[in-house]
Amino acid sequence: MRNILVLVRKEFLQIFRNRQLLPFMTVLPVVQVILLTFAANYEIKNLRLGIWDLDQSTSSSQLIHKFTGANFFQKTDLINNQKKADDLLMRDAIDLVLVIPKDFEKNIKIQNSPPAVQFQINALNNSKAGIVQNYASAITQDFMSDVRGNANTSASPKIIPVTNFWYNPTLNYKTIMLPGIVAEVMTLIIILICALNVVREREIGTIEQLNVTPLKKHEFILGKLIPFWFIGHFIFWAGIALGRLIFHIPMVGSLGLLELFLAVFLFVPLGIGLFISTAVETQQQALFTSFFFIILFILMCGLFTPVETMPDWAQWVNQLNPLKYFVEVNRLILLKGSGIAEIYPFILKMFVYGIGINALAIWRFKKTS
């Protein structure tokens, strides 16, 4: 035990003396959490709207006003032929062309002949195109509800759906993005610094001095991992505190339960970083290998793309993605208020994962050159 404590003290001294590494673990995570939370925005506003009004009626003007009065669209062009519409869409100068056909107002007044409008959507970005379609359809349906209500007040009673959004009632994108971004930043930094630490000592030759000491392999590994385990805690809770102070992120569940999961989870990225350090020879190789796994973890963790929409084989591969579990647990505890009954399966998976990856790293680690 004394050997481990001595090595831990040596690691902390080495970390605080490294003027390049210290800002990477303190200042940069804070900047990343703030900037990424603002930048990773699910809200799409100021969509460029082109209008092609073939009816030129009062009703068509009201529909146009409905579109331009919404926060999502801004009128940029009046279109009078298909060639101009095609040209604007081709140049990516417009997101939606609203085509109002002739006899639009006339058809509104005919119950058996519902009016039709056409949406020509720029689908270069398919996610954005889907959101544009949803916005446009919702505005059109709202317009038709107003028209029908004014035209026939004595009609039979209507069923009016009432929507209640649970866990994020204001649909604030920052509420769902920040917990995931904090998890991503912390995991990225822990894997990187753990992978680079051992390789750096190998490159500068100080690891040879440790190799000739009576330190056992498990003592050496624990002495390397424990300081970064504490650093991971600092990064995570600093990010959560920032989220609370700046973005007013709700914290519905138990922070003690979140700490329990974090304590177990951290051994997984630490083990991955350590395993990478045993498989490479230089810091450059460690950096590239770490980023290979980090990019896969981030893109498949479910923060930007729902895991359920991935192919079956990708979902199976994603079972090895530790970040997927952390993003999910963060949301379950902070936003939903889930308890130990819902969280313990994730803790168990991370416990087994941590033991497995660290055992593999220890097996690969050699105290001889």
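Every number in this text was worked out from the coordinates using simple rules, so none of it is lab data. This is a predicted model, so every value here is computed, not measured. Note that we place each Cβ from the backbone using ideal geometry, even for glycine, and neighbour counts take in every protein chain shown.
Taking H as built 1.01 Å from N, whose amide H comes closer than 5 Å to the amide H of residue 102, not counting residues under 5 places away?
Amide H neighbours of residue 102: none.
How far apart, in nanometres, would the label points at residue 344 and residue 204 be if each is projected 7 angstrom from Cα along the Cα-to-Cβ direction?
Once both label points are built, they end up 4.6 nm from each other.
For the cross-link pairs 128/349; 75/336; 45/109; 84/174; 66/106, which exceed 28 Å when the distance is taken from alpha carbon to alpha carbon? Write down the numbers at each step before the final one.
Values: 128/349 35 Å; 75/336 39 Å; 45/109 33 Å; 84/174 38 Å; 66/106 19 Å.
The pairs that break the limit, which is 28 Å between Cα atoms, are 128/349; 75/336; 45/109; 84/174.
So for each of 237-245, 77-85 I average, over its residues, the number of other beta carbons within 10 Å; can you give me the resulting order with the highest mean first? Please list the in-between numbers first.
Working: 237-245: 17.3, 77-85: 13.7.
Those peptides, ordered most packed to least, come out 237-245, 77-85.
Tell me, what is the percent relative contact order of segment 57-117, built from C-alpha pairs under 8 Å that lie six or more residues apart?
Working: 30 pairs, mean separation 19.9, N = 61.
The value is 33 percent.
May I ask you to list the aspartates and glutamates whose Cα is less than 13 Å away from that of residue 324, ignoring any residue fewer than eight positions away on the same chain?
The reachable aspartates and glutamates, counting only those whose Cα sits under 13 Å from residue 324, are 184, 308.
What list of ³J(HN,Hα) values in whole Hz, one per residue of segment 277-285 in order, does the Karplus curve 6.51 cos²θ - 1.76 cosθ + 1.60 (θ = phi - 60°) give from phi, with Gly and Pro shown as x?
5, 7, 9, 10, 10, 10, 5, 5, 5
Tell me the label-point distance for the pair residue 252, residue 285, using the 7 Å Cα-to-Cβ offset, in nm and rounded to one decimal.
With each label point 7 Å from Cα toward Cβ, the separation is 4.8 nm.
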